[in-house]
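Encoded as structure tokens, the structure appears first; notes follow it.
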Amino acid sequence: MSFVTPIALVGLLAIPALILLSIARDRQRDRYAMRFPAAGTLARAAGSDDAYVRWLPSALALAAAAALIVAAAHPQRTVRVPLQEASIVLVTDHSGSMAATDVEPDRLTAAKNAAESFVNALPGGVRLGIVAYSAVPDDVQPPSTDHDQTKQAIERQIASGGTATGDAVDSALGLLRPRKSSRTPAAIVLLSDGATTAGGDPIDAANRAKQLKVPVYTVALGTQDATVPDPRGGPGLPAIPDPETLRRMSELSGGRAFTAQDAGRLGAIYKALGSQLGSKAETRDAIGLPIAVGLVLLLAAGGLVLRRRVVA
């Protein structure tokens with residue numbers, strides 16, 4: 001919650017001052033009444049109201065004043081509204097190290113499930129594409145509102161080959177570059193579980209993303225001690241993630257970096273990214289509620305005063 005004219009809130013300081021003044025006047029009246037002992041008997045004979053009945057109209061009037069003072073400060077609230085024209089490219093690593101089982105049931109399956117959660121969290125109007133890669137980008141789809149195509153590309157990934165993260169990001173930028181001249185937001189969401197072993201330097205690709213004003217949100221998947229089976233029958237091969245390079249990529253491009261060591265954390269990250277990238281923050285007026293509350297309280301206070309006069 002924010003206020004356009006917060007200086008108006010200073011008026012709220014008058015509320016406790018009025019309460020203290022009313023209490024002081026009430027006590028003065030009580031002291032005056034003690035000089036005339038018969039006054040209490042006369043009041044009871046006239047059927048005087050209980051204390052809370054006497055105070056209620058004043059309390060409602062003060063509450064109304066407080067609500068109207070808040071309204072005078074012109075409150076605003078920030079809400080997230082769905083984007084209908086954003087373009088996002090998922091860049092997903094399906095190299096051989098994605099077969100590691102340190103993330104249950106394995107890295108690739110966990111990544112597929114999380115990516116589908118991401119797609120489901122996006123509004124239908126968001127244009128979504130995908131670049132799946134191992135040693136080269138091997139499944140490339142331009143952004144489209146047909147999200148089912150992206151889901152199908154996610155499902156057909158198989159863990160094999162090396163890791164060409166730089167080339168995959170460059171491929172994603174190629175899909176987004178034609179839309180650079182428009183004002184629609186664009187972003188890349190990159191998931192990888194290992195260091196680059198093929199293709200161009202991912203840091204260079206991040207610098208190109210910065211030039212194109214395309215933030216890269218990175219997710220480093222897996223634990224440091226994970227291994228995958230050696231196809232030649234030797235001891236397990238290390239499948240070490242590279243969160244430092246991914247962090248540098250996100251910082252350079254203006255995105256954010258995440259790390260995930262289990263499926264639950266990965267799913268939460270992707271769901272949050274889907275909600276964030278598929279919507280934008282928008283400021284809206286919130287002046288209506290305090291005005292309505294203030295007017296209702298004023299009417300209630302006035303009604304009680306009229307009732308007491310009629311009864312009297």
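The values are calculated or read from the model by the stated rules, or taken from the named source; none is laboratory data. In this text the structure is predicted, and so the values were computed from the model without any measurement. As a convention, Cβ positions derive from the backbone with ideal geometry for all residues, glycine included, and neighbour counts pool all protein chains shown.
Scan region 252-272 and give yes if some residue there is crowded, with 23+ Cβ neighbours inside 10 Å, under 17 Å from Val91 (Cα atoms) and either more than 21 Å from the chain's Cα centre (by Cα) or among the charged types (D, E, K, R) (or both), otherwise no. No; the residues of region 252-272 include none that is crowded, with 23+ Cβ neighbours inside 10 Å, under 17 Å from Val91 (Cα atoms) and either more than 21 Å from the chain's Cα centre (by Cα) or among the charged types (D, E, K, R) (or both). Look at (1) modelled with pLDDT of 85 or more; (2) at negative phi and you find that Ile269 fails only one, number (1). Among the criteria (1) modelled with pLDDT of 90 or more; (2) under 17 Å from Ser95 (Cα atoms); (3) acidic (Asp, Glu), the one Asp170 does not fulfil is (2). Inclusion of Ser87 among residues that are more than 18 Å from the chain's Cα centre (by Cα), at pLDDT 90 or above and among the hydroxyl-bearing types (Ser, Thr, Tyr) is not warranted.
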